[in-house]
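Student: Questions regarding the structure given below will be posed in turn.
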Amino acid sequence: MKNNFEKINDIKIDENLNNKVFRDFIKYFENENKITISKSLYEKFEEVVSKIASYNNHKFVKPSDLFGMLFIEQEEIDDFENKFHESIKQTMFKEVITYKNLNSDIKDDFEVKYNNKTLTLEEKQHAAKLAEWIKKQVIIFSDKKLIEHNEQLDNKITGEMIKSFFKEQNEIFIRIYKWHANAFEIISN
């Protein structure tokens, strides 16, 4: 990681860089972790993220640029790396997580009704449709191009870090979605 960080020491920050993604992420991070980042640390984070974005010729800070925050040695935030990863997961995969949670709630409700033999025909049909929709999502998530050719993940400094993180999270969602699809298939029969 040090070698990557050294690449940006002399990089001039693009004065036209839009860092709204950084500011929004910091607000989210502070709220989720119930902390306030000191001005000094905030400025260090902002500088490294802005330098990485500038180095990559980004006009807007991207999530991949945010991974540069992990280069900053600090003692202010306990367990920073894990908190960062959890926050970035919640922001990058917000839609996937929302659907996963909705599917879980419906699956749990339908399983209870299925076991009690009170599941309606309409609910069985809905379960079948959900199973098919989820299978299509798994196909999309399983496409290697999602990681290899994803513009949001391209980064000359943090590219390997974010691709590894994205791949790991994606594999978790695939396993959960496959489990949901199987449950909905069983329920729909």
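Student: In whole Hz, what ³J(HN,Hα) sequence does segment 13-21 give by Karplus (6.51, -1.76, 1.60; θ = phi - 60°), x for Gly and Pro?
Tutor: 6, 5, 5, 9, 4, 8, 10, 4, 4
Student: Next up: Dividing the convex hull volume of the Cα atoms of the chain by its residue count, what figure in Å³ per residue is obtained?
Tutor: Each residue corresponds to 132 Å³ of Cα convex hull volume.
Student: While we're on this one: Could you run the Karplus curve 6.51 cos²θ - 1.76 cosθ + 1.60 with θ = phi - 60° over segment 128-139 and give me ³J(HN,Hα) per residue in whole Hz, x for Gly and Pro?
Tutor: Per residue, the Karplus-derived 3J(HN,Hα) values read 5, 5, 5, 4, 5, 4, 5, 4, 5, 5, 4, 4 Hz.
Student: For segment 114-189, what is the charge dipole size about the Cα centre, in debye to the nearest 20, if Lys and Arg each add +1 at the Cβ and Asp and Glu each add -1 at the Cβ?
Tutor: 180 debye
Student: Moving on. Mind ranking 114-122, 15-23 by how tightly packed they are, going by the mean number of other C-beta atoms within 10 angstrom, highest first?
Tutor: For the peptides 114-122, 15-23, the packing ranking is 15-23, 114-122.
Student: Next question. Please compare each pair in Lys39/Lys144; Lys129/Lys167; Lys59/Lys167; Lys89/Lys117; Lys44/Lys144; Lys94/Lys124 to a cut-off of 32 Å on the Cα-Cα distance and tell me which ones are over it.
Tutor: From the list (Lys39/Lys144; Lys129/Lys167; Lys59/Lys167; Lys89/Lys117; Lys44/Lys144; Lys94/Lys124), the Cα-Cα distance tops 32 Å for Lys39/Lys144; Lys89/Lys117; Lys44/Lys144.
Student: Debye sum, Cα scatterers, segment 81-188, no solvent: what log₁₀ I/I(0) at q = 0.11, 0.14, 0.20 1/Å?
Tutor: -0.43, -0.63, -1.00
Student: What is the sum of charges around Leu121, taking Lys and Arg as +1, Asp and Glu as -1, for the other residues whose C-beta is under 15 Å from the C-beta of Leu121?
Tutor: Local net charge: +2.
Read-outs: derived from the displayed coordinates by stated rules, not from any lab. For clarity, every value in this text was computed on a predicted model and none was experimentally measured. Here the Cβ is made from the backbone with ideal geometry for all residues, glycine too, and neighbour counts use every protein chain on show.
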